[in-house]
Each structure stands twice: as structure tokens, then as C-alpha cells.
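Peer 1: The structure follows.
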Ligand code: SF4
């Protein structure tokens, strides 16, 4: 019998599955606690379940985890992890230190079909969607590799477009925020999109997590040249959806703006950005382009970045130049893509058994 990956089920789905097997629904909550709070990797560890229930679970489900295959640490302690999935695909996550805490940047797809020109993942193309467990499992695997880390924030900004894997992204957020799961506040979770308008509208109604948009240009021709998705959902449609997001959520939006030399780093772009976005609150992260193997673009001059930032600040726009974390280990924005693997330090698999006391948030 083909077993179900139990960590790819939401609490509601698990309740339904267990009642279908003749178990009371509340047992699903107990199983969730074992999986996500006590980090059980074996049904036998779930000692408040009777033996017959444990063997029933073992007959129908398995508990999968990601296999850590590499780890690279930068000078600022930003760490890139590489994981092998059970079909041999590789994905990456990036752990970014923020004082005492850490932000974990997770992947949602193997590759990406959107083909943004400045992004290594996009250049390498799409292979498949990640299952729920393969998204949340990045958190478990990172903490297993380094039990000292306290992951306070999770950003869906790794490999892939989260809204192109919408259902699993929302289910993963459900597991991360469940009171029987990881117990993260929705406010500590950010989903970043390249601008998939129908899914942004769905997200407004279905999630309370924070939204970030990879905007990168406020002229359609420039944006389309960088991000083919703009042909399908041009700026007018995107901005319309974001205004609705703000109207309904009463929440600000983060714009990621990758600055590329002589493409979108001129003052005209800053003026357009300030003009078009003045109607709702947002903050802008300016990210000077991180070069990667095969990239056609260059990083802008520091002076131009400063002028751009000062223009936005001068017009009352919250704007910061994001420190480039992990550039030398190819872990910075747009550099993920499972390249340079030969330089990645192989690490032993995490120990099996029950892991206690994982993240603090
Ligand atoms: S920037 Fe994001 S959406 Fe665009 S190709 Fe890269 S991973 Fe995909």
C-alpha cells in the first residue's frame, strides 16, 4: 500500500484521514503536536497513542524529512543549505541572522517557470512543485543541522514563485501557524510574489500573512524585459490588486526592487516609483543586483543607489538598501539555483529519533 506523507496534510485533512480510519478526530491534534512540537520522526515515539493506533498510523502514513546535502556559511554568518528530495531534486534555503534571531528564506518549487531575467532560479527553468512537507521540512532540517538557531521569521522568497504553488504554500502557512503546529504568528511570515494577480486577490481573502512584491520597475516595458510575467499581468492590473489588498487588509506592502545598472537604476525610475505608489502605504527594499554565473546584468554604482534611495526618502517613502547577505556564497537574492554544489560542504545526516526544543519565536 502506498503510504501518505503525513506532514503534507493540514490539521483538517489529518482529522478527516484519521476519522476515515476509525480514530477520533482529536487524535489528529495529538499527532500534530508530536510531529511539529516534539519533532517525532517515528510513530512509536507517540506514547500517548495506543499501540494499535500507532501501528494503524504506520500502516497508512510515513514521516518524511529532507536530506541535508550541503551547507555554506558566509562572512556575515548567512548560511545556505542544500537539500536532496526523495526524487533526487535539489532545493536550497537561506538562513539570515538578524541579531539574536534568524529569518529563514524557504523555497516553494524546484526551479521556477516565470523566468525572471535577473534570477538564477528562473534561468534554470521549472522542474516541479514542492509538497507541503518539503516546504515546512526546510525549517526542521535547518534546526536539526544547527539546534542553536532561533528562527523568528519565515519568508517565502527562495527558489520558485510561491503563488504558482498556491495551495501548498497556503497549506504550509497553515501548518506553520497552527496552534498544534509550529505556532508562528502570521505577522512573522512573508510571501513574496513576482506579481501573480489572481493569486494575490485570493491571498487577500485567504491568508493573514504579510505580502511582498518583487516590483523592479514601474514602466511596463522595463518590467516586461526583466519579468515576463508582466506581459500577462501588467502594472495597472498588479497595482489595482495591491490597492485592494491595502483597502481590505489595512496593511502595508513591501516592494522588493532589484537595482540593475543602466536598466532601472536611473532617477526617472525613482520618480515613477514614488508617483505610482503614493496612494497606499508601502516600504521599498532596494537590492543592488547580485551577479551570478551567466548573468547579463551588472550591479549599479553605489552612488546611483544612494541618489535613488535619497529621492524616495525625500518623498516620504520608507526605503532601505538591503544589505546583501550571503553574496559570496551565492545565497543572496536571485542567486539560488543549486549551482556551485561541488563547493558545498557535505554534512552528515541529522540524528534520527525524537528532537526536543527546536525553534524559539
Ligand atoms: S525571481 Fe522569483 S518568480 Fe522570478 S524566476 Fe526567480 S524564483 Fe521565479
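Rule-based calculations on the coordinates, nothing more; no lab input. From a predicted model like this one, the values you see are computed outputs, not experimental measurements. So basically every Cβ, Gly included, is an ideal-geometry build from the backbone, and we count neighbours across all protein chains shown.
Peer 1: Hey, what number do you get for the chain at 222 nm if only DSSP H runs of n ≥ 4 count, each worth -39500 (n - 2.57), divided across all residues, to the nearest 500?
Peer 2: Values: 12 runs with 117 residues, N = 361.
Only helices count here, giving -9500 deg cm²/dmol.
Peer 1: Can you give me the distance in nm between label points at residue 60 and residue 5, each placed 7 Å from the Cα along the Cα-to-Cβ direction?
Peer 2: Each label point lies 7 Å from its Cα, and together they span 1.9 nm.
Peer 1: If you project the alpha carbons of segment 90-175 onto the principal axes, what extent comes out on each, in Å, largest first?
Peer 2: 35, 27, 19
Peer 1: Taking every pair of distinct Cα atoms and averaging 1/r, then inverting, what Kirkwood hydrodynamic radius in Å comes out for segment 21-111? Let's see the in-between values first.
Peer 2: Details: mean 1/r = 0.0630 Å⁻¹.
The answer is 15.9 Å.
Peer 1: Another question, then. Could you put 124, 261 in order, starting from the residue whose Cβ has the fewest other Cβ atoms within 10 Å?
Peer 2: Details: 124 18, 261 14.
Ranked by crowding around the Cβ, least crowded first: 261, 124.
Peer 1: Then there's this: Once both axes come from the Cα atoms, what is the angle between helix 235-249 and the longest principal axis of the chain, in degrees from 0 to 90, rounded to 10?
Peer 2: For 235-249 against the chain, the angle is about 60 degrees.
Peer 1: So what's the angle, to the nearest 10 degrees on a 0 to 90 scale, between helix 51-60 and the longest Cα principal axis of the chain?
Peer 2: 50 degrees
Peer 1: Here is a further query. Using DSSP, restrict attention to beta bridges with both residues in the chain and report what percent are antiparallel, rounded to the nearest 5.
Peer 2: Numbers: 21 of 48 bridges.
Around 45 percent antiparallel, to the nearest 5.
Peer 1: Related question: Please give the length that would be gained between residue 244 and residue 205 if that part of the chain were fully extended, namely 0.36 nm times their separation in residues minus their C-alpha to C-alpha distance (nm, one decimal). Provide the component values of the computation, followed by the final result.
Peer 2: Numbers: separation 39, 0.36 × 39 = 14.04 nm, distance 1.06 nm.
Full extension of this stretch gives 13.0 nm more.
Peer 1: Mind jotting down the distance between the C-alpha centroids of segment 129-173 and segment 258-313, whole Å?
Peer 2: Value for the Cα centre distance between the two parts: 28 Å.
Peer 1: Between 0 and 90 degrees, rounded to the nearest ten: what's the tilt of helix 267-276 against the longest Cα principal axis of the chain?
Peer 2: With rounding to tens, the tilt is 60 degrees.
Peer 1: Could you give the spread of the C-alpha atoms of the chain along their three principal axes, from largest to smallest, in whole angstroms?
Peer 2: Projected onto its principal axes, the Cα set of the chain covers 69, 46, 36 Å.
Peer 1: Please list log₁₀ I(q)/I(0) at q = 0.14, 0.16, 0.21, 0.27 Å⁻¹ for segment 4-62, using the Debye equation with identical point scatterers on the alpha-carbon positions.
Peer 2: For the requested q values the scattering log ratios are -0.30, -0.40, -0.72, -1.33.
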